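Each value in this text was obtained by applying a stated rule to the coordinates, not by laboratory testing. In this text the structure is predicted, and so the values were computed from the model without any measurement. Backbone-built Cβ (ideal geometry, glycine too); neighbour counts: all protein chains shown.
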Amino acid sequence: MKELYNIDMEADGQFSRLVSDIPNPDIAISMGCNVECPFIGRPFDDNWGLEDPTGKSDEEFKIVIEKIRKDILKLKNGLDKR
């Protein structure tokens, strides 16, 4: 993320949040990654079925990041048409 988008995921202020700290979402997306997602106050609208790149090469992370980017744009385009 830092190399591609100048977003430092390890910077101060980045941390996991409790489900209770997440505001009520309009849309909920499960990333997949073979991880069970907790219920966050609404059913999931989609599951992107991503592979977890943990422990893999930087190239594998870049592939997942690119898939997320494309899925976000596809989601945005669908919402724009509503």
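Condition check for E59 on (1) farther than 24 Å from K2 by Cβ; (2) part of a helix (DSSP H, G or I); (3) acidic (D, E): one failure, at (1).
Scanning region 1-41 for residues that are surrounded by 12 or more Cβ atoms within 10 Å (Cβ to Cβ) and either in contact with a helix residue (DSSP H, G or I) (Cβ under 6 Å, 6 or more places away or on another chain) or among the aromatic types (F, W, Y) (or both) turns up just one, I40. Just checking, does region 39-58 include any residue being closer than 28 Å to R82 by Cβ and of a type in the set (S, T, Y)? No: zero hits.
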